[in-house]
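Read through the structure below, which is laid out as structure tokens, and then see the notes.
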Amino acid sequence: MKQAALAWLLIVGCTAAILVFRIHQGVALQTDLTALLVQESGDPGLRRAQDLAAASLAQRVFVLAGDDDRAAARKAGAALADAFERSGLAQAVTYRLPPDSVTALGAMYFPYRFGLLTGEERELLRHNQGSRVVARALATVYGPEAIADAAMLRRDPFLLLPAFLTGLPLPLAHVALDDGVLTVHDGAKTWVLVAAQVQGNVYSLAVQNRFIAMFDSSAATLRAQIPGLAIARVGAIFYAHRGAQSAVGETSLIATVSMVGTIVLILLVFRALRPLWLTLLAIAVGVLCAFSVCLLMYGGVHVVVLLFGVSLTGIAIDYCLQYITARFGPEAGSPRERLRRVLPGITLGVVTTLIGYLTLMLAPFPGLRQLAVFSAVGLTASFLTVVLWLPLLDSAAPLEDSAGILAAANLLWVFWKDGRYRRWRIGFIALCVLTGGFGFARLTVDDDLRHQQALAADLHDEELEVRRLTGMAGGTEFLLVQAADTESALQREEDLLERLTAARQTGALGGFQAVAQFVPSIKRQREDRALVHDQLMRPFLDEYYRRLGVVGGMRPDAVDNGFLTPAAIGAGSPLAFVRNLMLADGPAGAAQVVLLNGVTRPDELRRIAAAVPGVHFADPAGEVTAVLTEYRRRAVILLAVSAVLMMPVLMWRYGWRGSLATLLPPAAAVVLAPALAALKGVAFTFFGAIALVLVLSIGFDYAVFCREAAPARRAVTMLGVCLAMIATLLSFGLLGFSRTYAVHAFGTTLLAGTILAFIFAPLAGDRGTSA
Amino acid sequence: MRAALTLVCAAIVALASASHADVAAVWPSLAPGSTLYGRFTQEQYLKGLTAPLKTEGDFVVVPARGIIWRSAQPVRSVTVITAAGMRRIVDDNEVQRLASAKAPAFAHMYELLDRAIVGDWSALRQDFAVTCSGDRNAWRVILTPLDSASPLAARLTSVVLTGDGRIDTVDINRANGDSEHVAFLNQVVSSTPLAEPDAHLLNDKRE
């Protein structure tokens with residue numbers, strides 16, 4: 001026994017050394033929920049490109065500064081842009097465009113004007129209706145605003161360039177340049193826009209803290225200088241920071257309450273410190289081993305796995321407390337004897353729980369597999385620590401018998417087994433059935449990612465305000481276009497744009513933004529040039545000039561026989577945002593993003609994407625929702641499978657009837673817990689399903705302990721179960737008070753399930769009824 | 001855009017005028033709620049063209065709502081200017097649209113014009129020097145951009161309006177040497193509601 005304990009010490013020591021070494025090297029905690037997706041599906045290049053696009057979109061930040069005084073608003077905008085720029089935390093800061101930027105935009109397009117047609121013009125020319133383009137030009141020339149002078153008429157006779165420029169689908173419908181600054185006028189207020197890209201990962205706490213500190217201090221300074229100043233912001237980083245802040249606050253509060261509660265509980269019951277640190281030791285060893293093994297096996301740990309894995313490992317407290325409470329009573333015996341007494345019960349508990357956890361491995365999801373490994377390793381390590389170390393570290397003296405506490409702990413048993421309470425029992429079961437039925441009627445399933453996290457209301461209001469003022473479209477969906485080179489990518493986008501335009505007319509989406517809308521492919525420019533030449537210039541130009549009295553013919557000065565490419569868009573251009581749509585352009589091929597907004601029928605967009613080669617529809621929020629749905633379904637199926645797999649072990653020890661009796665409490669808890677949570681308005685989610693995996697294991701533990709309890713030690717067993725339940729509620733049940741919906745759902749389901757598992761546990765123990 | 005600007009200038013000229021002290025005295029303000037109807041002839045003198053471009057048609061001016069400018073000769077087209085922007089319709093097809101949000105300078109000029117129509121010259125005077133001569137029966141108003149370095153001055157040299165009880169002519173002189181002469185005829189002020197087609201044109205709020 002001592003040798004085994006030493007060997008275990010050696011193993012734990014090595015594991016700790018590995019962990020320290022790995023942490024020293026820097027452990028990468030994966031945070032991307034899509035990393036939990038089935039890795040085999042899709043090619044890695046596509047996933048990389050999608051990740052890149054999603055990250056780039058998440059980095060966008062828009063801030064509006066508004067004041068009744070135009071000068072004050074502009075001062076604030078300039079100061080914010082300056083703070084962004086100087087901080088080094090943002091790039092592509094856009095506030096004041098260079099004074100000649102609009103002229104420069106015209107100059108960029110001008111040499112290529114005979115190959116730049118609006119969609120409408122192209123349709124007219126393709127259908128021999130060039131005369132309507134001529135009529136439009138004449139109406140403009142003769143119109144009251146006198147746009148054209150003779151020089152213009154000779155350079156661009158049919159005014160194609162102005163039409164193309166007005167037709168550009170600029171993304172901020174209500175924003176215009178006012179002396180170089182993007183501005184919106186709304187009532188008395190002048191709003192100016194500052195746009196930027198955050199440097200780094202916006203979901204990294206370090207990046208968030210630095211950026212938000214910089215933003216908040218600049219905003220505070222400005223508000224002090226300009227009393228009426230209004231600031232509205234949009235950006236994933238603002239939401240992520242607020243979410244992290246509230247999560248950290250909540251977690252530390254819950255952790256403190258849970259820690260203090262557990263310590264007080266153990267001190268109150270045992271009036272000794274040793275049980276406390278023995279418990280902590282067992283769980284710490286479990287988490288340590290689980291973490292190291294996961295690092296060794298997977299090279300990293302997903303943060304979701306870590307969170308739930310620690311919870312699942314924490315169940316080891318059940319075995320710990322069974323051993324520790326065995327110290328109660330004058331006949332408790334030596335530590336070795338105590339262990340011998342509880343060993344069958346806790347071994348069965350561990351085996352059933354391990355079956356439950358390892359069943360998660362059956363799902364083809366990397367996340368669930370990692371979770372299964374983490375919790376199985378953790379649980380095993382904790383169990384070995386209880387069995388091998390605790391008797392050696394424990395004190396030999398029995399604990400003072402506390403008759404009051406033991407009697408109280410035994411009350412539940414009395415309730416279930418004593419004839420006097422028969423009516424009460426029937427009443428209680430009827431109540432459970434009724435409440436459960438009522439809860440099931442109200443049970444809903446909700447996997448939508450957007451409902452799993454609470455968005456800060458004030459930030460959401462600001463976002464709506466920015467959208468209203470600027471006409472900026474919302475939505476996280478996009479299409480990824482991959483091709484051999486930029487030209488082919490543009491051609492694919494043009495194919496796509498026709499389909500998207502049709503889909504917009506049927507309401508499948510609200511709008512889109514693509515590079516090809518601003519720079520047509522060379523192929524299209526060539527075709528348009530031919531159309532302009534054949535359908536416009538050749539049939540109509542002479543008559544048109546004669547009619548207007550233009551002498552000397554066309555002067556196509558500065559017409560470039562080459563073609564416009566996206567490379568012509570510079571960083572200071574009003575079209576600089578188009579550059580963000582281009583992810584890659586190199587020997588490995590080109591990747592471009594088509595932004596979508598107001599998507600109402602994702603399936604139609606999937607169909608459109610499937611129809612054009614190299615195009616993929618990406619719906620980050622929808623994908624995570626799909627992952628959660630799939631994980632929830634699998635978790636529920638695996639829950640049933642694991643219960644079935646546990647049965648042979650139980651049947652081997654308890655026989656057919658006994659195993660069914662042992663199954664009853666955990667099964668009742670698992671079935672009723674979601675119904676009770678539903679009464680509290682909690683929808684069933686993946687997080688609830690994981691809580692049920694825990695409830696099943698906890699329920700089996702309690703049931704097995706009760707079944708194994710010799711009549712004389714029954715009260716001690718019940719005390720151990722009761723303490724285990726309270727400790728579980730203190731550590732995880734408190735999560736039910738979280739404001740993060742996912743955590744709230746997890747905690748509430750676990751709270752209900754653990755209490756139910758505890759209440760029903762004595763039903764498993766019929767060995768003692770005769771005594 | 002330049003087009004829009006010029007149009008607004010033309011309209012300003014068409015409706016504004018008067019010298020510092022006298023502009024209020026000679027200016028034929030339009031009462032809010034009334035509508036001005038009339039015909040126009042427009043001649044554009046573009047350097048490099050053999051002959052001026054001549055246009056005829058009719059117009060409707062409704063304070064605080066907008067202007068409808070209908071060309072009948074030599075091409076038929078309708079131009080509608082409101083606070084929301086400018087639209088042009090040829091053969092019942094909308095062929096052009098310029099939203100105010102996208103053309104703040106245009107929107108600004110329309111606002112100046114709309115206020116001048118009802119006799120409020122204060123906004124106009126922020127951008128133009130206004131000189132006025134003559135009396136109510138024969139007056140002449142000259143507008144010149146105040147800031148010679150402004151984008152406005154880069155396009156426009158001066159606007160000259162003449163009139164009696166009404167505005168009779170507007171001459172716009174451009175910085176590039178081109179000029180435009182507009183004459184207004186058969187003007188009628190009415191307080192009856194707009195005819196349905198006109199009201200419909202001015203009501204269109206689409207962007």
Before anything else, pin down the relative contact order of region A:482-549: Cα pairs under 8 Å, at least 6 apart, normalised by residue count, whole percent. 33
Between the helical axis of A:741-760 and the dominant principal axis of chain A, each derived from Cα atoms, what acute angle in degrees is found, rounded to the nearest 10? 20
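What ranking do A:333-343, A:235-245 get when scored by the average of other Cβ atoms within 10 Å per residue, highest first? Provide the component values of the computation, followed by the final result.
Details: A:333-343: 17.5, A:235-245: 19.8.
My ranking of the peptides, most packed first, is A:235-245, A:333-343.
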Per residue of A:543-550, other chain Cβ atoms within 10 Å number on average 3
Relative contact order in percent for region B:41-189 (Cα pairs under 8 Å, 6+ apart) equals 16
Region A:316-328 - phi-based ³J(HN,Hα) in whole Hz, Karplus 6.51/-1.76/1.60, Gly and Pro as x: 4, 4, 4, 6, 4, 6, 4, 5, 5, 5, 4, 6, 5
How much accessible area per residue does chain A have, counting only protein heavy atoms and a probe of 1.4 Å, in square angstrom? 42
Count the net charge of all other residues whose Cβ sits under 15 Å from the Cβ of A:R274, scoring Lys and Arg as +1 and Asp and Glu as -1. +1
Helix A:686-708 sits at what angle to the longest principal axis of chain A, using alpha carbons and giving 0 to 90 degrees rounded to 10? 10
Mind listing the phi-derived Karplus ³J(HN,Hα) values for region A:349-355, rounded to whole Hz, using 6.51, -1.76 and 1.60 with θ = phi - 60°, and x for any glycine or proline? x, 5, 4, 5, 5, 4, 4
Amide H of B:Q96: which non-local residues (sequence gap of 5 or more, or other chain) have their own amide H closer than 5 Å, using H built in the peptide plane? B:R88
Per-residue average of Cβ from other chains inside 10 Å of B:86-93: 3
Could you give the angle, 0 to 90 degrees to the nearest 10, between helix A:457-470's Cα long axis and the longest principal axis of the Cα atoms of chain A? 10
Please report the spacing between the Cα centers of region B:55-120 and region A:92-158 in Å, no decimals. 20
Which pairs in the list A:K75/A:K189; B:K54/B:K102; B:K47/B:K102 are over 24 Å apart, alpha-carbon to alpha-carbon? B:K54/B:K102; B:K47/B:K102
Excluding residues fewer than 8 places away in the same chain, name every one of the aspartates and glutamates whose C-alpha is closer than 20 Å to that of A:K523. A:E120, A:E121, A:E123, A:D485, A:E487, A:E493, A:E494, A:D495, A:E498, A:D534, A:D560, A:D585
Output ordering of B:187-198, A:222-233 (per-residue mean of other Cβ within 10 Å, highest first) is A:222-233, B:187-198
Of A:L343, B:G119, A:S246, whose Cα points farthest to the positive end of the dipole of the protein assembly as shown (charges on the beta-carbon: +1 Lys, Arg; -1 Asp, Glu; origin at the Cα centre)? A:L343
May I ask for the accessible area buried between chains A and B, both sides summed, probe 1.4 Å, to the nearest 100 Å²? 2600
Sequence order, region A:15-21: Karplus ³J(HN,Hα) from phi using 6.51 cos²θ - 1.76 cosθ + 1.60, θ = phi - 60°, Hz rounded, Gly and Pro as x, gives 4, 4, 4, 4, 4, 4, 4
Average beta carbon contacts from partner chains per residue of A:147-153, 10 Å cutoff: 6
How large is the charge dipole for region A:657-741, taken about the Cα centre, if only the Cβ atoms of Lys, Arg (+1) and Asp, Glu (-1) carry charge, to the nearest 20 debye? 120
Expressed as a whole-number percentage, the relative contact order of region A:467-611 with C-alpha contacts under 8 angstrom and at least six residues apart is 48
Placing +1 on each Lys and Arg Cβ and -1 on each Asp and Glu Cβ in chain A, then taking the dipole about the Cα centre, the residue among A:A409, A:A282, A:G26 whose Cα reaches farthest towards the positive end is A:A409
For the protein assembly as shown, with the dipole built from +1 on Lys and Arg beta-carbon atoms and -1 on Asp and Glu ones, taken about the Cα centre, which of A:L694, B:L98, A:A65 lies farthest toward the positive end? A:L694
For region A:179-208 and region A:315-354, what is the separation of their C-alpha centers, rounded to whole Å? 61
In chain B, which helices (entire DSSP H runs) extend 15 Å or more along their own long axis, judged by Cα positions, while averaging at least 0.0 on the Kyte-Doolittle scale? B:2-15, B:104-117
Percent carbon-and-sulfur accessible area, chain A, ignoring ligands, DNA and RNA, probe 1.4 Å: 63
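The values are calculated or read from the model by the stated rules, or taken from the named source; none is laboratory data. Remember, it's a predicted structure, so these values are computed and weren't measured experimentally. Here Cβ is always computed from backbone atoms with ideal geometry, including for glycine, and neighbour counts include all displayed protein chains. What goes into the accessible areas is simple: the full protein's heavy atoms, side chains included, and nothing from ligands, DNA or RNA. Shrake-Rupley method; radii C 1.70, N 1.55, O 1.52, S 1.80 Å.
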